[in-house]
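Enquirer: The structure follows.
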Amino acid sequence: MSAGVEGKLDVLDPQDHARFEQLVLPHLDAAFNLSRWLLHGRADAEDVAQESMMRAFRFFRGFHGGDARAWLLQIVRNTCYTWLEKNRSVDLTTEFDEELHPQPSVSPEALAIAGDNRERLTRALEELPVRFREVLILRELEGCSYKEIAAITSVPIGTVMSALARARQRLQRVLTQPAPQQKQEARREL
Amino acid sequence: MSCELTQTVLHGYLDGELDAARAADFERHLISCAECVTALEAQESLHSSIQRTALYERAPASLRQKVQKELGTRPRSSVTPIRNPAPWRWLAIAATLLLALSLGWRLLPSLRSNRTGTMLASAIVDAHLRSLQPGHLEDVQSTDQHTVKPWFDGKLTFAPPVHDFVNEGFPLQGGRLDVVSGRNVAVLVYARRKHLINVFVWPTAEADSEPLSGSQLGYNWLEWRKSGMELHAISDVSPEDLTALHRLLME
């Protein structure tokens, strides 16, 4: 995917340009991190993060102060979803499980052991439906408040807490129950 | 599995998002609900696993360069010609950022519990990050304090203390002018092994103070006032290294 930059970028006066560099550009890491976790691949994430930054630049006149990171991440999220619709629509149709599953009782120790394996934790996160993954990434890696998460993901603030609850329980389940895929891999190794 | 609070309030509690009254209610509930206690422990364990495994992925240097190129970002105009940063310097900075990534995100829990992060601290962190972008680090690049110190003359209304501590393991790299929260400041750049430390200096009318430390976004900072100057040291080096530099600057 190209950066998709239409027309000239030079639409901001020097003062706004400098403000953009000061307020928005420092959040490039956040933009990349969110893209990487929403899209999986680093190369795609790099393209999408770049396109998001250019969009943010073009829309910067519409930013009237406030939380620049949340504003940028909202654009990143929308750009990621557009990319997913185009390239991997199956990721978006994966059920967004509204039902609350009974939670098997898990010992914190077992969970700690499973969770401390970086590869396993990464895979578990990547297996989550994208809507679960995004709230977890925003909360756990980006340290966003519920208010910021609500703004970035365009959901009412009241539903952020339950979305996080479901996402964490799902992650916990994936971590402590070997996925069928892993069983197959284990069998192949034998 | 029956307590519905494990599906809702428990998470608000875990994330510090409940108001005081609701948090106190939940703590009372914990006394009588073993299920919530277990669930809370499990969630805390999951949370610390995520923090420990350092899953955050910073923007690769290639992305940073592409974005800067598209934006036409140029090194800040400066009174002295800015030298081109050597490629190795960019690599060193990238390595520093990688280290910050691996170290920094482990500091997040402490950051979370101490969400005070003043505006000034944020401004300093932003200025530090900005300085790590290519061409932004130094306006005057010299390891000689007798070159760096006169360079500030006439550019500021105060004379920042400039000393080289190469023998103590903190070689001076250069200096630059910067603007932090609307005031003109002097910045001294020191190296510590492969890492860079920015020391922001500006005059203050307030009395001398003991050093105050903190961290934000994985960067450690230390601030203090001495002899009419306010100093903020920030870097991805350990707090101990910053304290060592503080001691040297106080001598």
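Enquirer: With respect to B:L55, determine if the residue is in a loop (DSSP other than H, G, I, E, B), in contact with a Lys or Arg (Cβ under 8 Å, 6 or more places away or on another chain), at pLDDT 85 or above and crowded, with 18+ Cβ neighbours inside 10 Å.
Expert: Details: in a loop (DSSP other than H, G, I, E, B): yes; in contact with a Lys or Arg (Cβ under 8 Å, 6 or more places away or on another chain): yes; at pLDDT 85 or above: yes; crowded, with 18+ Cβ neighbours inside 10 Å: yes.
Yes, satisfied.
Enquirer: Considering each of A:H64, A:H101 in turn, give the residue that is modelled with pLDDT under 95 and away from chain B (no Cβ under 12 Å).
Expert: Going through A:H64, A:H101 in turn, the sole match is A:H64.
For every residue, the table says whether it meets (1) at the interface with chain A (Cβ under 10 Å from one of its Cβ atoms); (2) farther than 29 Å from A:H40 by Cα; (3) β-branched (V, I, T).
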| site | (1), (2), (3) |
| --- | --- |
| B:D15 | yes, no, no |
| B:D19 | no, yes, no |
| B:A34 | no, yes, no |
| B:A54 | yes, no, no |
| B:E57 | yes, no, no |
| B:V67 | yes, no, yes |
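Enquirer: Filter the range A:18-29 for residues that are more than 9 Å from chain B (Cβ to nearest Cβ) and modelled with pLDDT of 90 or more; which is surrounded by the fewest Cβ atoms within 10 Å (Cβ to Cβ)?
Expert: Here the residue is A:V24.
Condition check ((1) over 20 Å from B:L132 (Cα atoms); (2) surrounded by fewer than 18 Cβ atoms within 10 Å (Cβ to Cβ)) across all residues:
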site	(1), (2)
B:G154	yes, yes
B:E168	yes, yes
B:R176	no, no
B:N184	no, yes
B:R193	no, yes
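Enquirer: Can you tell me which of B:E251, B:E210 is modelled with pLDDT of 85 or more, surrounded by fewer than 16 Cβ atoms within 10 Å (Cβ to Cβ) and of a type outside the set (F, W, Y)?
Expert: Values: B:E251 fails: modelled with pLDDT of 85 or more.
Step by step, each of B:E251, B:E210 is checked, and only B:E210 is modelled with pLDDT of 85 or more, surrounded by fewer than 16 Cβ atoms within 10 Å (Cβ to Cβ) and of a type outside the set (F, W, Y).
Enquirer: Quick one: which residue in B:S181, B:S213, B:S209, B:S238 is in contact (Cβ under 8 Å) with a residue 12 or more places away in the chain, assigned by TED's automatic domain parsing to the domain that holds B:V140, on the phi > 0 side of the Ramachandran plot and not charged (D, E, K, R)? First the steps, then the outcome.
Expert: Numbers: B:S213 fails: on the phi > 0 side of the Ramachandran plot; B:S209 fails: on the phi > 0 side of the Ramachandran plot; B:S238 fails: on the phi > 0 side of the Ramachandran plot.
Step by step, each of B:S181, B:S213, B:S209, B:S238 is checked, and only B:S181 is in contact (Cβ under 8 Å) with a residue 12 or more places away in the chain, assigned by TED's automatic domain parsing to the domain that holds B:V140, on the phi > 0 side of the Ramachandran plot and not charged (D, E, K, R).
The values are calculated or read from the model by the stated rules, or taken from the named source; none is laboratory data. Every value quoted in this text rests on a predicted model; they were computed, and no experiment measured them. Quick reminder, even Gly has a Cβ in these numbers, built from the backbone with ideal geometry, and neighbours come from all protein chains shown.
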